[in-house]
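Worksheet for the structure shown next.
The values are calculated or read from the model by the stated rules, or taken from the named source; none is laboratory data. Quick caveat: nothing in here was measured; it's all calculated off a predicted structure. With ideal geometry, Cβ positions are generated from the backbone for all residues, glycine too; neighbour counts draw on all protein chains shown.
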Amino acid sequence: MKKLPLIMMGLLIFSLVPYVESASVGKASIDQVMLGLGESVTFGDYKIQFADVDQAWTQALIKVYAKDGSPVTSKVLPTGYSLPVPDAQNPIFYVRVSWILASNQKILISLESDLELVQGDVNITKNGEYSLPYKFNDVVIPAIKIKVTNTYDNKVDVQIKLPYETVTQTIFEGDHYGVAYKLNGDFQYSPYLYLYLKNATTSYAVFDVYLPKYPTTVFQLGEGETGGTTPSAPSAEPTELVYNDIMYEGENLTITLNETSYTVKLNTVGYYSSFSVFDEENNLIKTFEVRRGTGYIMSEAPLALEVLSYESEYKRAYVRIYAPKGAETTPIIRDPEIHVAISTSSTELLLDEDELLVFIDVENSGRGRADNVNVAASIPTGFELGSEIGTWTLSTLPPFTKMPVLVYVLKPTQVGKYSLGPVVVKYHDERGAEKEEDSGKPIQITVYALPKLSVTGEAFNGTWSTYVHTQEKTVKLKFTISAEGKDPKYEFIKNATLQLELPDSMDGEIKLYVGDIKAGETKTLESDYAILKADNAIINAKLVYQDPLGNWHEESFGNLVVVNSLPPAIEIKEVKVYPAPDELPSYVNSTLAELDNDSKVTLAEALQNITLAYLPEKGISWWPILTVLFIIVSAVLGYNYVDLKSKYDKALKELGRKKRRPGGIPKKEEAQKTEEIQSKEEQL
């Protein structure tokens with residue numbers, strides 16, 4: 001490599017020494033990089049080129065390219081000025097022109113990156129270690145460990161284990177310590193690791209850990225001079241992420257690179273997970289452990305591993321594996337294990353009252369995922385679907401997960417015993433093959449019903465009747481309980497009791513045990529009851545019973561029987577008493593005798609009209625005819641008599657007014673009137 005003048009060499013040698021940083025957190029840099037016109041340096045994924053210079057050699061044109069050769073940024077810089085990469089809004093490092101050497105026609109540049117906190121409050125116990133993560137800001141970093149070898153009240157002794165050496169240092173509380181990372185040749189990235197001791201005790205220490213924002217160690221000058229510490233060329237470095245997924249304990253992942261295969265096996269899972277790497281002939285290359293949150297770079301194979309997290313319950317870890325560009329992995333195909341379970345809210349139902357809730361649990365307890373999971377409800381005979389949903393579909397059921405509990409409702413439509421299930425689940429495994437699992441043995445569901453119940457009551461008083469009137473001191477009561485239904489095996493009641501509601505005028509057993517009654521069955525109960533006092537007693541009853549499931553019910557039945565023990569009521573009424581037939585003539589005669597004349601005639605005529613209809617006929621009866629004729633003649637004669645008499649009296653009055661003359665002959669007029677009167681009298 002082309003060297004600097006002696007003064008530059010002195011500065012370079014001085015910069016190789018690890019140092020204690022007392023200032024605040026600043027930048028990490030690769031200094032004294034000399035480039036001729038047109039030369040370039042590769043730094044990570046970027047190439048920095050000295051593209052041009054002005055005639056006075058006071059300003060240099062710096063161009064930056066991406067890995068694929070596309071331009072990223074460029075700028076003309078005088079001495080002391082910087083170019084942010086990739087841009088000023090989000091720079092990850094800077095290209096600073098340190099010196100323009102017109103005499104040698106070269107420039108010196110520095111590559112600078114701000115130090116950034118990797119992890120704060122890192123607690124390391126005495127003799128404990130802390131490993132830096134495998135990647136920071138998506139850049140692979142070297143395997144670096146920090147070990148606390150001794151602790152004091154205000155300081156600690158640490159060992160910083162780099163891939164190529166171990167550095168020992170004492171750090172006081174409140175101080176910083178920076179460690180440079182050596183690149184090939186005389187270059188270094190300094191300070192690469194930056195520690196700040198926040199707290200020191202006799203048993204542990206607390207650090208803040210910093211790295212450059214762009215922590216790459218890939219460094220190469222344009223004419224073949226390289227940087228970095230990996231034994232292979234940069235093209236063989238494990239920079240490509242080839243696996244970013246979970247691995248289960250005992251699983252193998254095959255990685256192929258240039259027809260060479262490596263197999264990575266996860267041996268055990270824990271805070272420190274164990275891995276083994278085998279060659280293509282299954283010969284063990286190396287076994288190593290990786291702590292959670294850290295990585296491991298192999299020197300025996302171009303592989304690097306990082307463990308992000310782990311789950312002891314499922315014996316799996318989330319792993320990232322890096323290999324050189326062009327490497328390929330063989331997919332790990334896992335089988336799901338689908339388990340289906342069915343349960344119900346009950347195995348016994350009451351028709352027209354209960355509904356059946358069915359619960360379906362679907363679980364994937366295998367390591368593989370299940371896709372297009374389809375679940376269909378089971379609907380047995382004698383039931384109908386009571387909910388809107390009867391099928392469910394899930395796009396993916398990951399390993400060790402459950403579907404939400406599936407619930408649907410069934411309504412029984414008839415009594416009997418039925419089988420529910422099995423429930424069938426169809427799905428596709430990771431190979432795309434369709435498979436199915438079921439819930440296994442069906443569940444037996446029994447549907448019962450209540451028969452139609454009726455209660456009648458009767459009392460005995462010579463005959464059985466729902467109403468009796470008695471003056472006795474006791475009365476016998478009879479009650480009949482009937483159950484109407486179709487299937488006595490599933491329609492019945494049990495432990496029934498008839499509870500009578502007696503008035504206080506009666507005494508006796510009020511709870512009559514009925515027992516069990518099946519559909520089509522009738523039971524009759526009789527009992528004697530004392531009548532304590534006169535009353536019109538109405539007897540009601542309540543039937544208390546259990547349904548086939550053991551739930552208690554009660555039904556009321558009113559006006560079953562009436563027992564009237566009241567004495568007969570005395571009522572005074574005026575009753576007309578009529579004489580006997582042989583007494584009737586004397587009764588009529590005495591009655592007529594007590595009446596006035598008009599009343600007598602009226603009553604006599606009425607009696608006559610009545611009796612005539614009952615008298616026997618004796619030929620033609622002339623008496624009615626003669627009577628009528630007599631009445632008519634009498635009326636005519638009477639009328640004429642009255643008329644003549646009135647005229648006669650009038651004539652006498654007129655004659656009396658005229659005085660007769662003594663001895664003389666009457667006048668002719670008077671003689672005529674006298675004759676007329678006499679002739680009329682004769683006619684009468």
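The table that follows gives values for the structure above.
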| quantity | calculated |
| --- | --- |
| Those strands (runs of 3 or more DSSP E) lying entirely in region 436-514 with at least 3 residues under 30 Å from ASP361 (Cβ atoms) and of a type in the set (D, E, K, R) | none |
| Output for region 499-516, where each listed residue is of a type outside the set (Gly, Ala, Ser) and in contact with an Asp or Glu (Cβ under 7 Å, 6 or more places away or on another chain) | PRO503 |
| Residues that are within 20 Å of THR216 (Cα to Cα) and surrounded by 12 or more Cβ atoms within 10 Å (Cβ to Cβ), drawn from region 68-91 | VAL72, THR73, SER82, LEU83, PRO84, VAL85, PRO86, PRO91 |
| Among the residues listed as ASN589, ASN536, ASN540, the single one being loosely packed, with under 12 Cβ neighbours inside 10 Å, at pLDDT 80 or above and not assigned by TED's automatic domain parsing to the domain that holds ASP354 | ASN589 |
| Per-region count, region 515-526, residues surrounded by 14 or more Cβ atoms within 10 Å (Cβ to Cβ) and not in a loop (DSSP other than H, G, I, E, B) | 5 |
| Check on THR79, more than 30 Å from ARG320 (Cβ to Cβ) and at pLDDT 90 or above | no |
| Filter result for ASN199 (more than 30 Å from PHE278 (Cβ to Cβ) and at pLDDT below 90) | no |
| Top-ranked residue in region 183-202 [being touching a strand residue (DSSP E or B) at 6+ places or on another chain (Cβ under 6 Å) and hydroxyl-bearing (Ser, Thr, Tyr); ranked as farthest from PRO142 (Cα to Cα)] | THR202 |
| Qualifying residue in region 615-626 (condition: closer than 30 Å to ALA496 by Cβ and exposed (fewer than 11 other Cβ atoms within 10 Å of the Cβ)) | no |
| Wholly enclosed strands (runs of 3 or more DSSP E) of region 140-221 bearing at least 1 residues touching a residue at least 60 places away in the same chain (Cβ under 8 Å) and under 23 Å from VAL33 (Cα atoms) | 176-182, 188-200, 204-212, 219-221 |
| Pick from region 257-283, criterion under 51 Å from the mean Cα position of the chain (by Cα), β-branched (Val, Ile, Thr) and part of a strand (DSSP E or B), ranking: surrounded by the fewest Cβ atoms within 10 Å (Cβ to Cβ) | THR268 |
| Where a residue in region 556-581 is at positive phi and loosely packed, with under 11 Cβ neighbours inside 10 Å and its partner, wherever it lies, is in a loop (DSSP other than H, G, I, E, B) and charged (D, E, K, R), with Cβ under 8 Å and at least six apart | none |
| Selected residue (criterion: surrounded by the fewest Cβ atoms within 10 Å (Cβ to Cβ)) from residues of region 475-509 that are small (Gly, Ala, Ser), within 30 Å of SER565 (Cβ to Cβ) and in contact with a Phe, Trp or Tyr (Cβ under 9 Å, 6 or more places away or on another chain) | GLY508 |
| Residue match in region 69-76 (condition: modelled with pLDDT under 90 and within 60 Å of the chain's Cα centre (by Cα)) | yes |
